[in-house]
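Visitor: This is the structure I want to talk about, given as structure tokens.
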Amino acid sequence: MHKNGIGSNQIYGENYREKRNAALTAGVICVILLTLTVADFLREDRLFSPQENRVLAAKPELTRESVLDGSFMKDYETYVTDQFVGRDKWISIKTGTDVLLQKKEINGVYLGRDDYLIEQHLKADYPEELEEQKLELLEKLVGRWDARVMLVPTADNIFPQRLPAYAEVYDQRALLAAAKERVGGEHFIDIYDTLLQHSDEEIYYRTDHHWTSRGAYYGYQAWAAAVGETPQDFSVETAETVSEDFLGTLYSKVRLPVKPDRIEYFPLTEQTPVRIVYDLQKKSNSFYERSYLETKNQYGYFLDDNHAFIEIDTGHPTGRTLFVIKDSYANCMIPMLAFHYEKIYVVDLRYMNGKLFPFMESYEPESGMDVLVLYNCIHFLEEFRYW
């Protein structure tokens, strides 16, 4: 008998129960993992996530080279993360746990003030080598086509008052200054200060990474001032709401109960009939596709979402042509630009195959054409490439 009165049989029993419980827990975890693994194996891969509005990773090809350079394991980890059974539900569970732990950033999204979700961008993710590579491509394009450049700062740079305390931010002003120096001030349209002046307005969506139609309007005004055009008066008071339940890509990353966004557009852009051809096939007579308002991807309302190539006959007989090289930020601004051009061609380099300059030359009229490069700063660094 021990001094404290606890017998050896009792100690043995407690140790046994602890080991049994640990074994049972490990067994349950193994069963769950095995079940999920079998389910993953039997279920066909998903190509697209409507919740996140993006293409999901496909299973990488196993090759000797991909194993040796380490790319296979990296790509396979991304594939498993994207294709995991019940992924959407696991995201919701993880988010709930993070909120209870009072985290200010979840899945690369800051939980901002005023019910804003703001995408996180860290300087470490955008090294100087990457900036230099993109600026070199931009300088070459501007030199060949005498192009104008508009790089739009993202919400984390314009809404510092809405960020959590001590939130780390990639300051994009240095990138913009470098771009202006490389292409020349006469080619660069700087809208950083313009957007800062309107930072108390809804110029970015609360639940999505895009700027709003109001933000794009201020961008349009800056463009007009830079190129010597008289802007149309798209007074923000005339904007019409087409949706009040938009939950964008940032909401899909955190799944928190937040107030939905409004989607607005300017009816003045519909006063003149237009003819649009998407990817040399699909035809439309409007800048806006209302069917998207019934889907998760409501921002696709503008210019029928994203396409490799768009041809627009604006209905304005100005005799002038514009060629836009862009990301999706341009989609809600292009209808405003239509008042100044008879033809507008639009290329999204993410979806285009082939050499850019010869393609542009094939559409250039004898009288020449204006060229506009329009990206947000982050997409410019991540997606701007051509050959």
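None of the figures in this text is laboratory data; all of them are computed from the coordinates on show. Keep in mind that this is a model prediction, so the values were computed, not measured. With ideal geometry, Cβ positions are generated from the backbone for all residues, glycine too; neighbour counts draw on all protein chains shown.
Visitor: For every other residue with a beta carbon closer than 13 angstrom to the beta carbon of Glu186, add +1 if it is Lys or Arg and -1 if Asp or Glu, then tell me the sum.
Guide: Computed value for this residue: 0.
Visitor: Can you classify region 290-343 as rounded, prolate or oblate using the Cα gyration tensor, where a ≥ b ≥ c are the square roots of its eigenvalues, rounded means a/c under 1.5, and otherwise it's prolate if a/b beats b/c and oblate if not?
Guide: prolate
Visitor: Can you compute the modelled spin-label distance between Tyr363 and Lys104, with each label point 7 Å from Cα toward Cβ, in nm?
Guide: 4.4 nm
Visitor: Please compute the net charge surrounding Ile310, taking Lys and Arg as +1 and Asp and Glu as -1 over other residues with Cβ under 13 Å from its Cβ.
Guide: Value of the local net charge: -2.
Visitor: Right, another one. Ranking request for peptides 274-281, 59-66: highest mean number of other beta-carbon atoms within 10 Å first, then the rest in descending order.
Guide: Going by the mean number of other Cβ atoms within 10 Å, highest first, we get 274-281, 59-66.
Visitor: Using only the alpha-carbon atoms of region 232-305, report the extent along each of the three principal axes, biggest first, to the nearest angstrom.
Guide: Ordered largest first, region 232-305 gives principal extents of 41, 34, 17 Å.
Visitor: Mind ordering 121-134, 148-161 by average Cβ neighbours within 10 Å, highest first?
Guide: The most tightly packed comes first, giving 148-161, 121-134.
Visitor: I've got another one for you. Between Tyr351 and Ser291, how high is the FRET efficiency from 1/(1 + (r/R0)^6) when r is the Cβ-Cβ distance and R₀ = 30 Å? Nearest 0.05.
Guide: The computed FRET efficiency comes out at 0.90.
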